[in-house]
Amino acid sequence: MKRLFIAFFLFLSYLLSLNVASAQTQPTFNLTAKNFVYTDSIGTGGAAYDAMTFDIYIQHTNAGASGPFEYALGQYHFIIKSLPGVSADYTFYIVPGSTQFTNTLATPRSPTFVMPDATSQTGASLRVNSNTVLGAGNGPIITTTFPGTRICTFRFKKIVGSISSGVYTDFFQSGTSGYGNNTSSAWKLALPTPFTKIFAYVGTSSTDISMQGTYTVDYNPNSPSVSLNSPPDNSIDNPPSINFIWKKDTVSVNYIFQLFSDSLLTNNILTDTIHNNTDTFKTVNGLTLNTKYFWRVGGKNSNGVVTYSSAWKFTTTLGITLNLKIIPEGLYFSLFNQLARRDTFTVYLRNTASPYLKVDSAKSVVDSVNFTGSFTFPNAPAGTYYIAAKHFNTLETWSKAGGAAMILNDVTSYDFTTAASQAYGSNQKLKGSKYCAYSGDVNQDGITDASDLIKVYNDSYTGLTGSYLKTDLNGDNITDVTDLGVLDNNVYSGIFIARP
């Protein structure tokens, strides 16, 4: 009898050990598709979109009872309403790097759009195959914090053209069906196969917990709704420094500004969080001229959920281009009708009204043969400006009274060399057949005087040599008596900047 009792006890212990895993409380979860963003990358306007992105989140909801939720496997299937065309007309893929899983091998695989689909009552579905087998201890732990752990972000796009915005915003099948506590039959949760399944490691066993879930599609009706304002969508001729503006909404606790260089929003140039819900602007400087950009703003609610606006696009201006013809007196050899070398000028555009403030500046090289440099001003709006040309040992020279009219995305030409009156106050010197800017303002104090003469004299006394010497007025790489000859007459006359 004793032996029989011992055998029975051992057998009971064995049965109990077999059922430890099954006795453990299984994790419950919320599986949610959310953060839907609809975009128009081909510029058809607000009536149509060509792409949609959305996230899938999974949140552990009974940690106190089940302990940690170690993710094992997951496959995801959606029933969608039929779309124009066939599956080959669309792409459906996972946005790289979008998962929050600590083990990226847990990311599902091979998303496909199936249409026609005989297993779907609507004839169309999105399918995402399960991840690789991870093994107990290698699965990511699912968070209990709302909205959960992001499994990944998906992007669905029409390859050519766009479709009605109403199709995207009513994309998934509505209603109620399947098992669990799902609130949207967008999730395909029952036969025929394939359908959505979630597995967790309960003990060391990969266990199907699909019936423990709540399945939803959240179109974020109560989430932030950020509306963009400026620069307008599809706008052109924007300066390289822009103040981006959007409208305040009632839900966001802060905003996330993003700038991209591509319509797929994959090449992020700038992301910046505005840590309050009061400021609804972001200033960005130094954008590249004649370039198309894309921008959007996300609103973050009190639960930390970010909902992005549609992306707007804009193009920066080519700016004002000035082809300026000017000759530094000392470098000009009238016999050969050319300069001793190509040289750099800085040109300022100045307002034509007092106090004649600088509006923009540019540097360029003036050619030794055609005496012309091309200067681009990215920050100046169209208007009339004084042209103030500076060279490192030449007197600053302003354009004639009244200024010169300049427009965006076009070329303005101005020639100082044709007449003395092309300079303000006729402040130029005739040399051969060309009018030249006065050389010799070595210390750049706005006048040719004894202080400049002393510098040239001292360097000529020692025979100073080198490239681009301030005291080498004729550009022959030595300061000598010929440079003194260039300066003497200008010092005697006390030539100074002529300006309004």
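A short reminder: the numbers here are calculations on the coordinates, not readings from a lab. Just so it is clear, the model here is predicted, and its values are computed rather than measured. Cβ sites come from the backbone with ideal geometry, for glycine too, and all protein chains shown count toward neighbours.
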request  = Order by neighbour count: Asp410, Asp476, Asp441, Asp50, fewest other Cβ atoms within 10 Å first, most last.
outcome  = Asp410, Asp476, Asp50, Asp441
query = List the trypsin sites (Lys or Arg not before Pro) in region 228-336 that DSSP assigns to loop (not H, G, I, E or B) and whose Cβ has at most 15 other Cβ atoms within 10 Å. Which are they?
reply = Lys248
request  = Could you pull out every residue, at least 5 positions away or on a different chain, whose amide H is within less than 5 Å of the one on Ser227? Hs are placed 1.01 Å off N in the peptide plane, and Pro or chain starts have none.
outcome  = Lys247
key: Convex hull volume of region 227-316 per residue (C-alpha atoms, cubic angstrom)   = 83 Å³
query = How do Asp279, Asp472 line up, fewest other C-beta atoms within 10 Å first?
reply = Asp279, Asp472
query = Listed here are the pairs Lys157/Lys248; Lys34/Lys248; Lys197/Lys248; Lys282/Lys400; Lys313/Lys400; which of them are more than 31 Å apart at the Cα?
reply = Lys197/Lys248; Lys282/Lys400; Lys313/Lys400
query = What translational D, rounded to a whole number of µm²/s, comes out for the chain from Stokes-Einstein when the hydrodynamic radius is the Kirkwood one over Cα pairs, at 10 °C and 1.306 mPa s?
reply = 55 µm²/s
ask   = For the chain, what does -39500 (n - 2.57) per DSSP helix run (n ≥ 4), summed and divided by total residues, give at 222 nm, in deg cm²/dmol to the nearest 500?
value = -3000 deg cm²/dmol
Cα-only radius of gyration and Dmax that characterise region 26-217, units Å = 16.7, 54
remark   = Given chymotrypsin sites (Phe, Trp or Tyr not before Pro), DSSP loops and at most 14 other Cβ atoms within 10 Å, the longest exposed-site-free stretch of the chain is 1-178
key: Long-range HN-HN contacts of Ser368 with modeled amide H, under 5 Å   = Arg342
Antiparallel content of DSSP bridges confined to region 227-316, in %, to 5 = 95 percent
